[in-house]
Each structure stands twice: as C-alpha cells, then as structure tokens.
Amino acid sequence: MAPSGYSTVRSTSMMSQSVKGRIKALKESSRVLGVSTNEERIDLLKRIAAGLRRDWPVIQAANERDVSEAKEHKIGDALIKRLVFDEQKLNEVILGLEQVAALTDPVGKVLQRRLLDDGLVLEQISVPIGVIGMIFESRPDALVQIVGLCIKSGNAIILKGGSEANRTNLALVESIRWSSRGSAIGDEYVTLLESRSDVKEMLEMDEDIDLLIPRGSNAFVTYVMENTSIPVLGHSDGICHLYIDKQADLKKALPIIIDAKTQYPAACNAIETLLLHASLADEFLPTVGKALKEANVTIRGDERTQASIECIPLKEGDYLNEYLALELNIRVVDSLKEAIEHIETYGSHHTDAIVSEDSEAIRRFFIEVDSADVFANCSTRFADGFRFGFGAEVGISTTKIHARGPVGLDGLMSSKYLLSGSGQIVATYSGRHAKKYLHEDLSIDVPSLVQGGSV
C-alpha cells in the first residue's frame, strides 16, 4: 500500500496550482514522455498496474461512496452500471495495461521511406500528438484505459470525468501518480480536472493542448466543438442497428440479437433498433420477442411488429433514442435497401451489423453502410478497442478525419517527415537543365533515421 494519507497529500498537491499553471507544466512534461524509450514507458505501465492493486482498498471505498451518492440522487440505472468500479473492472483494467505494455512501440515507426535522389532519403515517422484533453462520462475504468494508451503513445493527458465519479477518479489518478514517482518519466504527465469551470479554462488553451476527445452526449460533444479552437475528435450517440436478412441463419441470429442488446446494454455499441426482413416476421419474430422478454427487454415495435408480438407501439422519435438500457425498437423491412436507408436516416455512424448467409448482401452492407464499424454475422458489442486487440481505447470516433472507430494507439499518433541529404540544393532540380528525382520507394522494415538508420 501507499503510505496512509497519500490520498489527501496528492489531491492537495494537485490542486495547489491554477488549472492553466498545471496544464502548462504538463505541456513541459509531455516533452519528457514524448522522447522516452519504449522500455521506460513499459516500466511505467507495470508500476501503475501494480499500484492499482496495491491501492485497491482506497479505490474501492471511493467508488462505493460515489455509487451510493449516485443512487441517492436517483441517477439512471445505465449510468450507475457505468459508474461501478468493482474487482472485476480492476482486473480488466490491469489486464488492459499489461496488454498495452506488450504492444509494438508506436513511437518512431517508419510509415514511408523514399529515395528522392542518391544520398537524399525522405522518411515519414510516427510521433506523439503531444497533450491530449480527455473529457469522459461516468466510467472510471475508461480513465485507466486512457492513461495507459497515452503513456504507451507518448502523450501527456488531461482528464475530466463526470462529477458523479469524482472520488473514484481522484483515487485512481492519485494511485497512478504515486506509482509514477520513481519512474524515469515522473508523474507530471497526467492531471485531473474536477469542475466545469476547469473545462471552460481548458477549452481556451489552444497553445498548450493539441487534441480534445470528448466522450458523452451528442449535445455535449457539440458544445465542446463550438467553444474551442483546439482540434476535437468527436464521438456522437451510439445508435446502433442489427439487420436480420431474409437469408440469415436463424440459429446464429437469435444469440447475436440477445448479445447485442443485453450483454451490456449501457454500452454505446449495444443495439437500439433491430431491423427484420418481412419474410421472417411470421416465423422468426415470435421467437425473438419471447427471447427478448425472457431477458427483460422492453420492446417498441412498428405496426407489422405489433401484428406478430406483444409490444409498445413505436412513436415519433423512438428511432433516434439511445436507450442504453433494456429497451429495443423493432422494425420490419421489405428489403436490404430499406434496411440500409433506415440506418442512414436514423443511425449515428457508430456500429451496425447484418446477419446473412448471402455473400452479395453482406458485400452491399459493407460497402453502403457508412459507419465506423460495419459487421456481418456477429454482435455489435465487438466494437471495442480491447476486443480489436488495441489493448484498450480512448473512445469510438464517428468522425472521418484523423481516426475512426475504436481509437487505440494509432489514433493517438501524428507524424513528421525527416529528410537526410548529403549537400543537395533545390536549384539542382530546377530550371532548364534540372536533374530528375528518383522517387523510389524503399523498405520501411529498417531502423529509422532517428534510430540510427543510414541514408
């Protein structure tokens, strides 16, 4: 265990500086992290993993107080589920840190290598973005995932969690910083903001923060985008769909439907609308309705669904709801085209899936559905950085610029170009007797110039 009273010591230290002072200090520290070795970052991740287990009693007590207070304030069940940080979540985040540590070093990776002319080599290499501001909802486990990915990718991190998780987040950050103190990188690469006024200040610091990643409601993401000049990696609602095609294997379809809705309904990749081909309405829909009701799912159905099973009639706006709970819309459609049009009209471009044995239908679905994640014959719940093998994720981006889908290490990297010559000047390649460039692509499976690679 960390020394008794460490929680108070760390929180007092963290809050002794102004928000702007802390972020500027973190900007300086980001340079240390950005040039650290992979071995130093792996060592830091291992220290943090061990520290979280060491400090579990403090973290657990803080989370229990947060959950108790949230229940007193009658916060919705979906948020309560996200807020809980139990021993299972602890084990999951520790495993995530270990997996992130084992991933290939993303810093200094050669992305392109080209011979412009004899003795003139161009390289594009991956580099950390720098300072990332992360504003997220009531999931304390997300905090650890974010810190792990930022350390591995060489980025300093500003964290702002939901007020309902303040005690848990503070305990986690204190543990992380305490564990970091003996490392080569130190503990100044991470800071936690706690109030809305802190966020307002952060949004104004475009010279010190390189990227903002807000995770929350559409309205909140829009607010961030409209109130800052810092680049924003956005994540809209998780209005996800599952379409059961006329040529679906129904033995596959039923467990996929149940998993996609009930395995963790509070997740953004759980389905909110089930689309079912009309040819399956009489045969399969009653089976689906029975299984969903046995799983305590409230069903809202269109007219054709109502004709087959007992359900609540769909009303205007239901297709745009992100329930994050055991509630599901069902619509019967006449074709794959109608299903795709529905997804385009009501979806949030997050994750959508088809169940079908028709390879042409799957091909069309893959091509025509414009979402970050498009799946066939599996649950939408696979849309996750951990399950994709990224170790973890900082969120699922529904934008198309920079990164899309589960954002792991690659989404936290930028790049720069290195050009190494032997005295060349542009005049040689200009004018009437200009020398021609070679522009030959070279192997990237060699040490980069910054790693001592040769021209």
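The values are calculated or read from the model by the stated rules, or taken from the named source; none is laboratory data. This is a predicted model, so every value here is computed, not measured. Glycine also receives a Cβ, built like all others from the backbone with ideal geometry; neighbour counts cover every protein chain displayed.
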Query raised in the report: Are any of the residues in the stretch 107-116 free of Cβ contacts under 8 Å to residues at least 40 places away in the same chain and either assigned to a helix (DSSP H, G or I) or among the aliphatic types (A, V, I, L, M) (or both)?
Result: no
ask   = Is it fair to say N38 is in the same structural domain as L149 (by TED's automatic domain parsing) and within 30 Å of G421 (Cα to Cα)?
value = yes
Checking S279, S229 in turn, the sole residue that is within 22 Å of the chain's Cα centre (by Cα) and either assigned by TED's automatic domain parsing to the domain that holds V332 or of a type in the set (G, A, S) (or both) turns out to be S229
Would you confirm whether or not the stretch 243-255 contains a residue that is in a loop (DSSP other than H, G, I, E, B), more than 30 Å from D358 (Cα to Cα) and either under 22 Å from the mean Cα position of the chain (by Cα) or charged (D, E, K, R) (or both)? no
Any chance I132 is in contact with a Cys (Cβ under 8 Å, 6 or more places away or on another chain), crowded, with 21+ Cβ neighbours inside 10 Å, assigned by TED's automatic domain parsing to the domain that holds A219 and in contact (Cβ under 8 Å) with a residue 24 or more places away in the chain:
yes
Quick count over the stretch 221-231, residues being part of a helix (DSSP H, G or I), surrounded by 14 or more Cβ atoms within 10 Å (Cβ to Cβ) and without any contact (Cβ under 8 Å) to a residue 60 or more places away in the chain, is 4
By residue number, the members of the stretch 1-52 that are at pLDDT 90 or above, of a type in the set (A, V, I, L, M) and within 16 Å of R181 (Cβ to Cβ) are L26, V32, L33, L44, L45, I48, A49, A50, L52
Residue hits (the stretch 405-432; within 30 Å of D352 (Cβ to Cβ) and among the β-branched types (V, I, T)) are V407
Those residues of the stretch 152-164 which are in contact with a strand residue (DSSP E or B) (Cβ under 8 Å, 6 or more places away or on another chain) and either outside any loop (DSSP other than H, G, I, E, B) or more than 20 Å from F386 (Cα to Cα) (or both) amount to S153, A156, I157, I158, L159, K160, G161
Among A281, A260, the single one that is crowded, with 24+ Cβ neighbours inside 10 Å, modelled with pLDDT of 95 or more and not β-branched (V, I, T) is A260
Of the candidates I396, I425, the one satisfying the condition of being more than 20 Å from I256 (Cα to Cα), exposed (fewer than 13 other Cβ atoms within 10 Å of the Cβ) and either in contact (Cβ under 8 Å) with a residue 60 or more places away in the chain or not hydroxyl-bearing (S, T, Y) (or both) is I425
Within the stretch 52-104, restricting to residues that are aliphatic (A, V, I, L, M) and not in a helix (DSSP H, G or I), the one that is farthest from the chain's Cα centre (by Cα) is I75
When every residue in the stretch 177-194 that is in contact with a strand residue (DSSP E or B) (Cβ under 7 Å, 6 or more places away or on another chain) and either assigned to a loop (DSSP other than H, G, I, E, B) or not polar (S, T, N, Q) (or both) is compared, the one surrounded by the most Cβ atoms within 10 Å (Cβ to Cβ) is Y189
Being over 23 Å from G389 (Cβ atoms) and polar (S, T, N, Q) narrows S126, S179 down to just S179
Within the stretch 304-338, restricting to residues that are buried (at least 18 other Cβ atoms within 10 Å of the Cβ) and of a type in the set (S, T, Y), the one that is farthest from the chain's Cα centre (by Cα) is S308
